[in-house]
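Bear in mind these aren't lab numbers, they're just calculated from the coordinates by the rules spelled out. Because the structure is a prediction, the values reported are computed rather than measured. Here the Cβ is made from the backbone with ideal geometry for all residues, glycine too, and neighbour counts use every protein chain on show.
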Amino acid sequence: MKNFLQNTVCALALLVTCTAIAQDAKEDEKAHKKKIEKIAGEACICTYEISTNAVKDSIVAKINSCITASIVSSQMGAIDEMAKVALEAKGDTVVGENTSIKIYIDQDFDEIQAYMSTNCEQVRSLLNSNDVKGKYSMSKDKKALEYYYEGNDYMTAEKYDLAIVSFNKAVKRDKKFAFAWDNLGICYRRRGNYQEAVKCYEKSLEIDPDGSMPLQNLPVAYEYLKQYDKAIECFEKIIQRDAKNPEGYFGAGRMWYASGDFEKATDNMFKAYRLYQEVQSPYLNDALQNLRFYYQEMEKAGKLDVFKKVAENNGINMD
C-alpha cells in the first residue's frame, strides 16, 4: 500500500510541478508518431482474438499482452533490418560479434496504450463488452440471431446504418433480445440519435435489470443530451453494483464537473485513478489528465484547499 501511494503521489506531482520529459533529440517527432501508430495498429489486430466473455481484469491483461508483443516484434524487426544492412555491407563478417542486443518490452508502452484506448475500436468494445449473460441476453430464435450477428459485422466495420437495420430486425423477431437492444442503442448513439439510443438502453434494462452494458452506455447518451443529473444517477448505480468498477467513478467525476461541483468531481476522479492503477487500465492516463485539469481550474478559482482536502481523503498527501 505504501508503494502504491508513493507511486500515486509521484504521478500526481505532474499536476503541480513536473513538465513532460522531452523525447530523445535524435528521434524525429513525426517518425516517432508513425512508429507508435504502427505498433498500436498491430496490437489492435491482436486484440480481435480476445473473447468478450472474459472477466474485465483478464481482458485488460490480454490487451496489455498484445501491446507488449507488438513492441517486441517492432524492435526485433528493427534488429533484423540492421543485420541485413550490415551483412550487405560486410559480406561474410559476423554481425553482432562482441556486442549485446537489448529488447525493451515496455518502451513507449503508456503512449501506445493511450493511443489504442482512443483509436482502437476493438479495445473500446472489449472494455465495454456484455460481460454477464442473463436469461434474456441472447435469443433462441435462429433468425433473430442471424440478424444480430449480421449487425455485429456491420458495427465492427462501422457501417452503423446497416447495423441499425439488422438489429431492428433482430428485436422485431424477439422483443426480449437484450444484447440486440444494447447494440442497437450503441449504433444510434454513434449516428448521433441520442434519444433513440436512450430508448434502446432503457428497453434492455427493462428486459434485464442487471445488464451492465446498457447501464454503462445510458449515461453517455444522457451526457450528449446534457442531462447530467440523469447521467450521474446511472453512474452511481454502477458504483452501487460494483464499488471496484472505475468506470462508475470516472463517469460520475466528469458529470459532477459538468454540473459545476468540483469537489465531487475530484473525489470521484481520484477513486477512478486509483482503481485504474490497480488493474493497469489503458484509461489510467485519462483519469490523470482530468485530475490535472481539475487542479488547474480549481487553482484559478482559488479552491486548491478543496482539491488537497479531497486528495487527503483518498489517502494522497499533496504537501
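Among the listed pairs Lys142/Lys169; Lys264/Lys309; Lys143/Lys172; Lys159/Lys226; Lys62/Lys176, a Cα-Cα separation exceeding 21 Å is found for Lys159/Lys226; Lys62/Lys176. Listing Thr118, Thr68, Thr47 from fewest to most neighbouring C-beta atoms within 10 Å gives Thr118, Thr68, Thr47. Taking other C-beta atoms within 10 Å as the exposure proxy, Arg189, Arg241 rank Arg241, Arg189 from fewest upward. Placing pseudo-labels 7 Å out from each Cα toward the beta carbon at Gln280 and Glu312 gives an inter-label distance of 3.4 nm. Size of region 179-284 from its Cα atoms: along the principal axes, largest to smallest, the extents are 33, 28, 23 Å. Cβ crowding within 10 Å ranks Cys187, Cys120 as Cys120, Cys187, fewest other Cβ atoms first.
Since only Leu205, Met138, Leu225 are under comparison, the one whose Cα sits farthest along the positive direction of the charge dipole of region 119-234, derived from C-beta charges on Lys, Arg, Asp and Glu, is Met138.
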